[in-house]
Amino acid sequence: MNSKVYTVDEALTKMERYCAYQERCHQEVETKLREMRLIPEAVDQIILHLLEHDFINETRFAKAFARGKFSIKKWGRNRIVNELKKRKVSAYNIKVSLAEINEEEYQITFDALSEKRLNQIRETNKYKKRKKLADYLLYRGWESDLVYSKTVALIP
């Protein structure tokens, strides 16, 4: 457990660095400040400062999060939405973040991911093979209508 006692200025400097390093949502910043065991007034004061000086910006965070998880981790929209909700991002910002994903690129990524995973599945029973592929794609947050039409198309 972190037993260091921080002054408001020390905590502020630490949080500015924390937010400058990578995009953060309000919840991450608040959690970090609570771990530093600051009084609620100090937490509010620091968050206000970070917002005013554009260290935290929920819209920017949501857009970066959606772009990153889609392009790097190959997550589908459902998983991205759920993860953003978990981080208490507003419905408006979730909608804005999903607009960052190009529809054509989304479909290309989905097709490539499906093909790649299908080639890794060593199941001979076509129904079990379909289920394994569908479970994998659903876990990654791809829409069920896309997943089921793809599994039927790939495994006739």
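All of the numbers you see were taken from the coordinates with simple rules; none came from a lab. From a predicted model like this one, the values you see are computed outputs, not experimental measurements. FYI the Cβ positions are ideal-geometry reconstructions off the backbone, even for glycines, and counts take in every protein chain you see.
Taking Gln107 as the residue in question, decide whether it is surrounded by fewer than 12 Cβ atoms within 10 Å (Cβ to Cβ), within 14 Å of Leu154 (Cα to Cα) and within 26 Å of the chain's Cα centre (by Cα).
Against the criterion (surrounded by fewer than 12 Cβ atoms within 10 Å (Cβ to Cβ), within 14 Å of Leu154 (Cα to Cα) and within 26 Å of the chain's Cα centre (by Cα)), Gln107 does not qualify.
Report the residue count in the range 1-46 for those that are closer than 26 Å to Phe65 by Cβ, touching a helix residue (DSSP H, G or I) at 6+ places or on another chain (Cβ under 9 Å) and hydrophobic (A, V, I, L, M, F, W, C).
The qualifying residues number 11.
Scanning for something touching a Ser or Thr at 6+ places or on another chain (Cβ under 7 Å) and of a type outside the set (Ser, Thr, Tyr), does the range 101-112 turn up at least one residue?
No, there is no match, as no residue in the range 101-112 is touching a Ser or Thr at 6+ places or on another chain (Cβ under 7 Å) and of a type outside the set (Ser, Thr, Tyr).
Name every residue in the range 106-130 that is in contact (Cβ under 8 Å) with a residue 12 or more places away in the chain and not polar (S, T, N, Q), in order of residue number.
Tyr106, Phe110, Asp111, Leu113, Glu115, Arg117, Leu118, Ile121, Lys126, Lys129, Arg130
Does Ser90 satisfy the criteria of being loosely packed, with under 15 Cβ neighbours inside 10 Å, small (Gly, Ala, Ser) and closer than 24 Å to Gln27 by Cα?
Details: loosely packed, with under 15 Cβ neighbours inside 10 Å: yes; small (Gly, Ala, Ser): yes; closer than 24 Å to Gln27 by Cα: yes.
Spelling it out, Ser90 is indeed loosely packed, with under 15 Cβ neighbours inside 10 Å, small (Gly, Ala, Ser) and closer than 24 Å to Gln27 by Cα.
Which condition number does Phe65 fail, the rest of (1) touching an Asp or Glu at 6+ places or on another chain (Cβ under 8 Å); (2) over 18 Å from His26 (Cβ atoms) being met?
So the condition that Phe65 fails would be (2).
For Leu98, work out the one condition from (1) surrounded by 12 or more Cβ atoms within 10 Å (Cβ to Cβ); (2) at positive phi it doesn't fulfil.
The number of the failed condition is (2).
Residue by residue through the range 71-98, note down the ones that are touching a residue at least 12 places away in the same chain (Cβ under 8 Å), closer than 21 Å to Tyr136 by Cα and among the hydrophobic types (A, V, I, L, M, F, W, C).
Across the range 71-98, the qualifying residues are Trp75, Ile80, Val81, Leu84.
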